[in-house]
Amino acid sequence: MNFEDVAYEQRGRGAWIRLDRPEALNTISPNLVREFDAALDIAEADPDIITVVITGTGRAFCAGADLKFLGDLPEDSREVETERFLKRVLDLMLRIEKFPKPVICAVNGISTGGGTELLLCCDLVIATASARIGDGHANFGLLPGGGASARLPRKIGPTRAKYLLFTGELLPAADHLSSGLVNEVCEDGGLKAAVDRLVGKLSSKSPLALKQVKMLVDDGLEQSKDTALRLELLASALYNHSHDMHEGIAAFNEKRTPDFKGC
């Protein structure tokens, strides 16, 4: 497939999906949503891909929704079309959040509004030292439309979330390390190398185990601790029948590198 607003590249066992509208600060448009979905289809279907990396082109990771597109809509259909667009964005965000492979967000620059909502759907976040991250909806009298009001408090706690949501302030990436919003901050120019190292670590793991652990953590957060523990026990019982579980134990006993198949 030929892409216009995203770029797709395989690096090792990582599928890099790059928002590619630098002139518009990689803002989210209907076409970008369609192409992003198509890129995820490719990554999901490829058994050689163990993780997806989302990043941006230019000085921004993503500056949110394309407000120019929304402003240019005919006045008599603007409300309906805006709601339709936000529904498609929400569907994409949910797909990223539930994607069966780990998703890494590589923040190369400004992340605000829908960009930060996209970041919140990823499993791990690596950002450059010069990256600035926050929620800018309040700066334009807007409400979050891609899940920030639900995901941000769950991620960093309600007090920190309200500060970002109320002020619209963009903070340096390093300021988000203590809250867990960002896992690692790397030097400017070192983003690809830092992400490649992380992808390399994940590439040695069982794809099936990664998928199951992601599901257990995400589902467990929505349950009581007792229920989450029961779900873990059930998942472990099923996983005991997998090739990867037996291969892992055999490799340990034989002092060799395991050959995981993802099944």
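Points to keep in mind about this one:
- Scanning segment 113-136 for residues that are closer than 13 Å to VAL53 by Cβ and in contact with a Lys or Arg (Cβ under 8 Å, 6 or more places away or on another chain) yields a count of 1.
- Just so you know, in segment 176-217 the residues that are without any contact (Cβ under 8 Å) to a residue 60 or more places away in the chain and of a type in the set (Val, Ile, Thr) include one that is surrounded by the most Cβ atoms within 10 Å (Cβ to Cβ), and it is VAL185.
- Residue, farthest from ARG154 (Cα to Cα), within segment 72-120, restricted to residues that are surrounded by 15 or more Cβ atoms within 10 Å (Cβ to Cβ) and among the polar types (S, T, N, Q): THR82
- When LEU229, LEU198 are screened for being part of a helix (DSSP H, G or I), within 18 Å of the chain's Cα centre (by Cα) and modelled with pLDDT of 95 or more, only LEU198 passes.
- A Cβ distance below 7 Å, combined with a sequence gap of six or more or placement on separate chains, defines the contacts here; from segment 151-175, residues that are within 13 Å of SER111 (Cα to Cα) and touching a residue at least 60 places away in the same chain (Cβ under 8 Å) reach residues that are surrounded by 15 or more Cβ atoms within 10 Å (Cβ to Cβ) and β-branched (Val, Ile, Thr) in the pairs LEU170/ILE110; LEU170/THR112; LEU170/ILE133; ALA173/VAL107; ALA173/THR128; ALA173/ILE133; ALA173/VAL182; ALA173/VAL185.
- Residues that are surrounded by fewer than 17 Cβ atoms within 10 Å (Cβ to Cβ), in contact (Cβ under 8 Å) with a residue 40 or more places away in the chain and farther than 15 Å from ALA106 by Cα, drawn from segment 129-140: PHE140
- Members of segment 83-113 found to be assigned to a helix (DSSP H, G or I) and aliphatic (A, V, I, L, M), listed by number: LEU86, VAL89, LEU90, LEU92, MET93, LEU94, ILE96
- Out of THR55, THR51, sole residue that is touching a Pro at 6+ places or on another chain (Cβ under 7 Å), touching a residue at least 60 places away in the same chain (Cβ under 8 Å), surrounded by 18 or more Cβ atoms within 10 Å (Cβ to Cβ) and in the same structural domain as ALA131 (by TED's automatic domain parsing): THR51
- The condition of being without any contact (Cβ under 8 Å) to a residue 40 or more places away in the chain, surrounded by fewer than 15 Cβ atoms within 10 Å (Cβ to Cβ) and not β-branched (Val, Ile, Thr) holds for LEU143.
- Residue in segment 73-82 that is under 17 Å from the mean Cα position of the chain (by Cα) and either in a loop (DSSP other than H, G, I, E, B) or modelled with pLDDT of 95 or more (or both) present: no
- In segment 182-194, the residues that are within 18 Å of ILE133 (Cα to Cα) and either in contact with a Cys (Cβ under 8 Å, 6 or more places away or on another chain) or part of a helix (DSSP H, G or I) (or both): LEU191
- Yes/no for ASP218 being in contact with an Asp or Glu (Cβ under 8 Å, 6 or more places away or on another chain), within 27 Å of GLY56 (Cα to Cα), among the acidic types (Asp, Glu) and not assigned by TED's automatic domain parsing to the domain that holds PHE99: yes
- Yes/no for GLY220 being surrounded by 14 or more Cβ atoms within 10 Å (Cβ to Cβ), in contact with a strand residue (DSSP E or B) (Cβ under 8 Å, 6 or more places away or on another chain) and small (Gly, Ala, Ser): no
- The listed residue being under 15 Å from the mean Cα position of the chain (by Cα) and either of a type outside the set (Val, Ile, Thr) or within 21 Å of ARG59 (Cα to Cα) (or both), out of GLY109, GLY114: GLY114
The values are calculated or read from the model by the stated rules, or taken from the named source; none is laboratory data. Values in this document were obtained by computation on a predicted structure and should not be read as measured data. Counting neighbours? That spans all protein chains shown, and the Cβs are built from the backbone with ideal geometry, glycine included.
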